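The values are calculated or read from the model by the stated rules, or taken from the named source; none is laboratory data. Values in this document were obtained by computation on a predicted structure and should not be read as measured data. Cβ placement follows ideal geometry from the backbone for every residue including glycine, while neighbour counts extend to all protein chains displayed.
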Amino acid sequence: MSDDLHQDLEFQDGFSVRTMIGAVFVGLVMMPGTIYLSLVAGAGLGPAAQWVTIILFTEMARRSFTTLRKQEVYILYYMAAALAMTGGPFGLMIFNQYLVQSPQAIGFGIADQIPEWIVPARTSPAITGRNLFSEAWYVPILLTTFLWIIGRATALTTGYMLFRITSDIEKLSFPLAPIAAEGATALAETTAKKETWRWNVFSVGAAIGLAFGAIYVGIPGFTGVLFSKPLQIIPIPFVDLTKSAHHLLPAALAGVSLDLGALIFGMVLPFAMVAGTFTAAVATAFIATPLLYKFGMLPHWRPGMSLIPTKIAIDFDFWMSIGIGASLCVALLGLYKVITALIFTNRDGRDKGMLTPPKGRGDMKLRWCIVVYLAASTCSILLCKFLLKDDAFPTMMVLAYALVITPAISYVSARMIGLTGAPIAFPFLREGSIILSGYRGVDIWYAPLPLADYGPMTQMFRELTLTRTKFSSLVKVELFMLPICLICSLVFWAFFWHIESIPSATYPFTAKMWPLQATYQCLFMSATTGESTWLVDSIRPSLIACGAGLGFLLLALTSVLGAPTLFFYGMIGGIGAIPNAAIPMFVGAIIGRKVFEPRYGKETWRRYTPVLAAGYACGVGLIGMLAVAFAMVAKSVSSLPF
């Protein structure tokens, strides 16, 4: 075996001095860009932060006559996502400062009930003076910091346990994981001056991303700075045809996304899964929903509604409960398959081969992962007990969150990611359970309830496996990133809030969308003050049972027709969904299957698509980063006094 092949098969540590420098760079440069863009346009840098960081460091490595291993490149990719794409933990505090003094909170009588351990009183100098470093913010900052730390630890360990189940035992494919893995490999090869087919395909994808991104992201970004209203050649995020379609198809979700990325990702995902999602989304949006309206089952929908209000109305009336039932079907199927897999391996005496992790992968001890989860859940429960009213504390609900609901929804989500590349949503689970608990008061909406979905973390462990990166690298980089993330997030959020009130005309997205978000949040909170019961009425056990029955019926039909199992899981994800993205994804899947597979060969095309998608994301990300840099410079210059 050659040395290169041996290195490709061997797990290596991705944490190094170069990745430490990368973490500091992302925290100081990429995070403020993400925060600014989220305030202006409602979106972070997305892939820009990840790919710009990687390209910068790979180019520095080439000019320094050194190399970056693919393990280091992937850790850079992971750090950029963790640090820059979220904006850190303190962004929610800035929204809370608006909420506590908003007309919505005052009108609902909620403003003075929001606890000061989450945000200072609306008359406090810390709010009126826009000072995030005031003494009144100390308790909220300390609470946020503590919850962020235990949240990262729980996500890491719980995600690992779910990965062991879904990947090591169930052998799920994780169809989107190769995108990051192949992209990291392609860029690592350039520093070693041994470009292969990966770099060629990556370059093609990057060129496509640059060209499309210049039109889709660049033109709106640049014109939004120069003019009062940005120019959109291609509508973002979709073309809304809902109002026009209601004359023929009442209550239908009519719209289509023109994002080329959806088409390319349709080539990456398994064809059966994309076809199932497309079939279910189109059937429920254009056939089932108009029929439901005809039979009087959608009382909250009104003609003339656009797509988003239509989606909200039909979800509350019907599809939300159906979706919960379909999710329960997936959970029961997954539990059955795990149990049968464990029984099968034990009977055949092959349990060691499946349950024992590969040598050198740097796996964690499962017992310590369980200890971390239990300790974090206990801390959350004790904090809730301390912060909430003792006489009405929902003990059973909080215990159910920690012991049943969080593990269940995390496993279902992880399994769907392993099968289809996308998690499954459990709409209004937190809101509905809080209302049904009978607790009265606003403080429970801000309590650190032990309810979370840790399923998405499983794909990251799959990417580590594909890049042959030791899992222990992740523990090291998380510990190193933690202080950088906390400090940079606090400083930059304080800076942007101090120079201008949020929301304001300087941050147009917040001026437009935060009042709407505040209205919805106050509406939810009013349900625990005795003002509203609309959400309770929308969760109907009969429809949940129908949703579960529909799931098992679709499974039976899939089996009878001889269709792939992924077609069934695709349909589950498409039930009641907006078909905007499903349409271009299906078009991309058809093009890949009918045009490119015959030309390049099925196996070769399967190797090409993840690298092509990674290159495309890189190209669009570079354009996005350029637009953000231009916007920040223009805003800084316009605010100067000369």
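Identify the single condition in (1) surrounded by fewer than 24 Cβ atoms within 10 Å (Cβ to Cβ); (2) touching a residue at least 60 places away in the same chain (Cβ under 8 Å); (3) farther than 13 Å from ALA581 by Cα; (4) not polar (S, T, N, Q) that HIS246 does not satisfy, given that it satisfies every other one.
For HIS246, the failing item is (2).
Within segment 550-558, is there a residue that is under 23 Å from SER433 (Cβ atoms), buried (at least 19 other Cβ atoms within 10 Å of the Cβ), more than 24 Å from the chain's Cα centre (by Cα) and at pLDDT 85 or above?
Yes, segment 550-558 has at least one match.
I'd like to check something: does segment 49-71 contain any residue that is modelled with pLDDT of 70 or more, surrounded by 24 or more Cβ atoms within 10 Å (Cβ to Cβ) and farther than 23 Å from THR469 by Cβ?
No.
Looking only at residues in segment 230-268 that are aliphatic (A, V, I, L, M), part of a loop (DSSP other than H, G, I, E, B) and in contact with a Leu (Cβ under 7 Å, 6 or more places away or on another chain), which one is farthest from PHE318 (Cα to Cα)?
ILE234
With THR166, THR158, THR154 as the choices, which residue is within 27 Å of PHE471 (Cα to Cα), in contact with a Leu (Cβ under 9 Å, 6 or more places away or on another chain), in a helix (DSSP H, G or I) and polar (S, T, N, Q)?
Only one candidate qualifies: THR166.
Looking at segment 594-613, which of its residues are of a type in the set (Val, Ile, Thr) and either free of Cβ contacts under 8 Å to residues at least 12 places away in the same chain or loosely packed, with under 12 Cβ neighbours inside 10 Å (or both)?
VAL595, THR604
Among the residues of segment 169-179, what is the count of those that are under 26 Å from LEU612 (Cβ atoms) and either more than 17 Å from the chain's Cα centre (by Cα) or assigned to a helix (DSSP H, G or I) (or both)?
Of the residues in segment 169-179, the ones under 26 Å from LEU612 (Cβ atoms) are 171-179.
Next, from what is left, pick out any that are either more than 17 Å from the chain's Cα centre (by Cα) or assigned to a helix (DSSP H, G or I) (or both): 171-173, 177-179.
Total meeting the criteria: 6.
Would you mind stating whether GLY88 is among the small types (Gly, Ala, Ser) and either at pLDDT 90 or above or closer than 20 Å to GLN459 by Cβ (or both)?
no
Return yes when GLY213 is surrounded by 21 or more Cβ atoms within 10 Å (Cβ to Cβ), part of a helix (DSSP H, G or I) and modelled with pLDDT of 70 or more and no when it is not.
When the stated conditions are applied, GLY213 passes them.
Yes or no: segment 120-129 includes at least one residue that is exposed (fewer than 15 other Cβ atoms within 10 Å of the Cβ) and either in a helix (DSSP H, G or I) or in contact with a Ser or Thr (Cβ under 9 Å, 6 or more places away or on another chain) (or both).
yes
Restricting attention to helices (runs of 4 or more DSSP H) lying wholly within segment 517-631, give those where 1 or more residues are over 20 Å from GLY421 (Cα atoms) and of a type in the set (Val, Ile, Thr). Please lay out each step first, then the result.
On the way: elements: 534-538, 541-561, 565-574, 582-591, 597-600.
Once the helices (runs of 4 or more DSSP H) in segment 517-631 are filtered for at least 1 residues that are over 20 Å from GLY421 (Cα atoms) and of a type in the set (Val, Ile, Thr), what remains is 534-538, 541-561.
Given the conditions (1) closer than 30 Å to ALA589 by Cα; (2) touching a residue at least 24 places away in the same chain (Cβ under 8 Å); (3) surrounded by 17 or more Cβ atoms within 10 Å (Cβ to Cβ), report the number of the one that SER306 does not fulfil.
(3)
Of the residues THR510, THR529, THR565, THR519, which single one is among the polar types (S, T, N, Q) and crowded, with 18+ Cβ neighbours inside 10 Å?
THR510
Yes/no matrix, rows are residues, columns are (1) polar (S, T, N, Q); (2) at pLDDT 85 or above; (3) touching a His at 6+ places or on another chain (Cβ under 9 Å):
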{"position": "LEU355", "(1), (2), (3)": "no, no, no"}
{"position": "VAL372", "(1), (2), (3)": "no, yes, no"}
{"position": "CYS379", "(1), (2), (3)": "no, yes, no"}
{"position": "ALA392", "(1), (2), (3)": "no, no, no"}
{"position": "THR395", "(1), (2), (3)": "yes, no, no"}
{"position": "ALA402", "(1), (2), (3)": "no, yes, no"}
{"position": "THR406", "(1), (2), (3)": "yes, yes, no"}
{"position": "ALA414", "(1), (2), (3)": "no, yes, no"}
{"position": "ILE424", "(1), (2), (3)": "no, no, no"}
